[in-house]
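**Student:** Sharing a structure, written as structure tokens. Questions coming.
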Amino acid sequence: MVKSTDIKAVKGKVEWPTSDFSRVPYEIFFDQDFYELEMKQVFQGPTWNYLAHSCEIPNEGDFVTNWIGDTNIIVNRTANGDIHAFKNSCSHRGTRIVDEIRGNSTRHVCPYHLWTFNLEGNLASVPLEKGIKGKGGMPPCFKKENHNLRKLRVETIGGMIFATFSEETEPLVDYLGPHCESQISRLLDQRTPKVTGYMRQMIEGNWKLYNENVRDPYHASLLHLFQVSFGIQQPTMKGGIKMDKDTKNTWNHSILSDDDTTSSSDLAAVYEGTDKYDPNIKLADPAIANVPLDLDDGYKTTLLSMFPTSVLAQVDNTYAIRHLRPKGPGKVELNITYLGFEEDTEEQAFGKKLTANFIGPSGYISMEDGEALRLEQDGLKMRAGDYSVLEMGGIGEIADTDYLSQEISIRGFWSYYHKLMGFESQ
Amino acid sequence: MKKNDLQIKVERFLFDYADCLNEKRYEDFPSFFKEDNCHYEVQSKENEDLGLTTPIMGCYSHGMIRDRVAQLINNTLTYRRLNLRHFISNIRIDEGKTEIDLKANFQVMQSDLEGVSELYLVGRYEDKLILDHNELKLISKRVILDSFAIPNMLAVPV
């Protein structure tokens, strides 16, 4: 925990030289002091953090554990169907209570002294509370109701369960904004989601580099050449980016229509001078590229990036919730939950298995992200006192765009981060 | 074929498979699979134990297996230049009427360009092989990872 007297000193370690956030100080990505300040200001602060999808805990007692920053959280369902979340740390001596990823239990019992908590996080029983034969036990002033687990506020949207530590956090739909609300509804409310798999990727980079990555359609057609060759994303493609009122959340989308497919000679011009684009690459088995989209609204990709660590992504015909779990300033776990739908036909379910090859740590159009972030973290550590450059798409005002090659939404992320970390009152 | 002879033949097949990957001869990788009928899948132990089916890599035809290594062969992928070395052990075979069931453990070490080595992956193989003109071919290879928190990326087959 950062002492409040130190916060000013920590923040004073860097400057933000431009008010449009087209320059970002590199120390933000590798200095342990900023990481610790983030744990307090961002993760324990007025933010909504993804925990699970409600389809993972359909029944009474079903629980999942997940991370909000460095804090492990239990989320579970009670008898009346309500969802509760609390810190996975005993109110007695701090012991981690649930040491599993998921399961079912009617109560949570600390393994150390068997203090028992109900599914609302309330302390239900303390062994030997009254002592034995009048000896020992807790003092008369001990009241169980004063020793419940640290509870979080919980709200859901499209089945996605979010929690916040702060009483100040605005209602979830206001926090997410209208684009998130309508896209979550488009992706998750039309059908009945179910989990078809989990995936974990340990990336040797700061958690904010991943936030930049998902707000950066500029890189998509340059780093991920596979998708260019097969028309999933092209530098000339229609699309755009829309943000919420705080510019912290981004809806990044691309649309492929018949009239804007680019000829291979035009594409070759974009990549001239690099050795990356090979116009002759062909799939030996094109089945993977021919899986029809479930939804007929033309969106080839939809990336909803929700500050600070959640992404709901439709990439081609894959559906996934991505969640970042920071592991110190130089490392982040990308935890992915793949979704299908109860209504899927056998053919659609197989199609989703095929298109799973597009995404994740081995995904044809995503595997290089982990590598790019590792190289970025490796390089920027040498640049204390210096700043990254975010000017693609224009500088100055942070506003929505109807084009893809831009870094404006990254500046949107920094604008809100800067405010939340308290740099403004520096 | 005598059980012992088959065991030796299968072990040699696995070691040749490992060498193909260790030596980055990705163009040879598809030849370990039977051309008209083969699967290759990499799955996490987490999903496997939960009965969840979305794979890390899933190739359900010989063409898809060729596609999986295409970017490695033509060098259009951005990935870390590591030397990988497979160690395969605990090899057990069960001979059915037409297929050979193979189970084995594996470990893959990674060594970077400056010679620093560390563990990359650990897990098990669950394979089905057939003898095709006295040559072993995979009709199904399932790679189930204990180390399913993938370090950075998994660009290459295992």
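**Student:** As a footprinting exposure proxy, order A:I97, A:I74 by other Cβ within 10 Å, with the fewest listed first.
**Tutor:** In increasing order of surrounding Cβ atoms, one gets A:I97, A:I74.
**Student:** Which pairs break 20 Å Cα to Cα here: A:K87/A:K327; B:K34/B:K97; A:K248/A:K381; A:K40/A:K381; A:K238/A:K282?
**Tutor:** From the list (A:K87/A:K327; B:K34/B:K97; A:K248/A:K381; A:K40/A:K381; A:K238/A:K282), the Cα-Cα distance tops 20 Å for A:K248/A:K381; A:K40/A:K381; A:K238/A:K282.
**Student:** How far apart, in nm, are two points set 7 Å out from the Cα along the Cα-to-Cβ line at A:A79 and at B:K97?
**Tutor:** Calculated label separation equals 5.5 nm.
**Student:** Residues in the range A:135-158, backbone N under 18 Å from the label point at A:H92 (7 Å along the Cα-to-beta-carbon vector): list them, ranges by number please.
**Tutor:** Inside the label zone: A:135-150.
**Student:** Compute the distance from the alpha-carbon center of the range B:1-62 to that of the range A:309-336, in whole Å.
**Tutor:** Answer, in whole Å: 29.
**Student:** Round to a whole angstrom and tell me the spacing of the C-alpha centers of the range A:179-198 and the range B:113-158.
**Tutor:** Spelled out, the Cα-based centre of one part sits 33 Å from the other.
**Student:** Under 19 Å between alpha carbons, and skipping anything fewer than 8 positions from A:K242 in its own chain: which aspartates and glutamates qualify?
**Tutor:** Excluding near neighbours in sequence, the set is A:D20, A:D174, A:E181, A:E212, A:D216, A:D297, A:E391, A:E397, A:D400, A:D402, A:E407.
**Student:** I need the shape label for the protein assembly as shown. Rule: rounded when a/c is under 1.5, else prolate if a/b > b/c, else oblate, with a, b, c from the alpha carbon gyration tensor.
**Tutor:** The shape class here is oblate.
**Student:** Shifting gears a bit: Could you state the number of Å between the C-alpha centres of the range A:134-173 and the range A:404-418?
**Tutor:** Taking the Cα centre of the range A:134-173 as reference, the centre of the range A:404-418 is 34 Å away.
**Student:** Can you compute the FRET efficiency between B:E118 and B:F15 using 1/(1 + (r/R0)^6), with r the Cβ-Cβ distance and R0 = 25 Å? Round to the nearest 0.05.
**Tutor:** That pair, B:E118 with B:F15, gives E of 0.65.
**Student:** Would you mind checking which residues have amide H under 5 Å from A:A284's amide H? H placed 1.01 Å from N; only 5 or more apart, or other chain.
**Tutor:** Amide H neighbours of A:A284: B:D67.
**Student:** While we're here: Step by step: find N for the range B:2-158, compute 2.2 N^0.38 Å, then divide the Cα radius of gyration by it. What's the final number?
**Tutor:** Compactness ratio reported: 1.02.
**Student:** Right, here's the next one. Take the Cβ-Cβ distance between A:D400 and A:E346 as r, set R0 to 56 Å, and report the resulting FRET efficiency rounded to the nearest 0.05.
**Tutor:** After rounding to 0.05, the efficiency reads 0.90.
**Student:** Beta carbons within 10 angstrom, averaged per residue: use that to sort the peptides B:27-33, A:150-156, highest first.
**Tutor:** B:27-33, A:150-156
**Student:** What length, rounded to one decimal in nm, is gained on full extension from A:R186 through to A:K143, with 0.36 nm per residue of separation minus their alpha-carbon distance?
**Tutor:** 10.7 nm
**Student:** Can you tell me which of A:197-205, B:9-17, A:413-421, B:128-136 comes out highest on packing, and rank the rest after it, using the mean Cβ neighbours within 10 Å?
**Tutor:** A:197-205, A:413-421, B:9-17, B:128-136
**Student:** What's the average, rounded to a whole number, of partner chain beta-carbon atoms within 10 Å of each residue's beta-carbon in A:191-197?
**Tutor:** Mean number of neighbouring Cβ atoms from other chains: 3.
**Student:** How many percent of all Cα-Cα pairs in the range A:49-157 sit more than 19 Å apart?
**Tutor:** 44
**Student:** Could I ask something else about it? Compare the Cα positions of A:T355, A:T309, A:P292 along the charge dipole of the range A:192-425 (+1 at Cβ of Lys, Arg; -1 at Cβ of Asp, Glu; about the Cα centre) and return the one farthest towards the positive end.
**Tutor:** Positive-end residue among those listed: A:T309.
**Student:** Just counting partner chain Cβ atoms within 10 Å, what average do the residues of peptide B:47-55 show around their Cβ?
**Tutor:** Mean partner shielding for this stretch: 6.
**Student:** Turning to a different aspect of this structure: Counting only other chains, what is the mean number of Cβ atoms within 10 angstrom of the Cβ of each residue in peptide A:352-358?
**Tutor:** Per residue, the average neighbour count from other chains is 4.
**Student:** Can you compute 3J(HN,Hα) from phi for each residue in the range A:89-105, using the Karplus curve 6.51 cos²θ - 1.76 cosθ + 1.60 with θ = phi - 60°, rounded to whole Hz and x for Gly and Pro?
**Tutor:** 8, 5, 6, 7, 10, x, 4, 5, 8, 9, 10, 10, 7, 7, x, 9, 7
**Student:** Need one number for the range A:192-425: average projected area of the convex hull over its C-alpha atoms, nm².
**Tutor:** For the range A:192-425, averaging the hull's shadow over all directions gives 14.3 nm².
**Student:** Quick one: which residues, 5+ away or cross-chain, put their amide H under 5 Å from the amide H of B:H39? H built at 1.01 Å from N.
**Tutor:** Hits under the 5 Å cutoff: B:S140, B:K141.
Values in this text are rule-based calculations from the coordinates and carry no lab data. Keep in mind it's a predicted model, so treat the numbers as computed, not measured. So basically every Cβ, Gly included, is an ideal-geometry build from the backbone, and we count neighbours across all protein chains shown.
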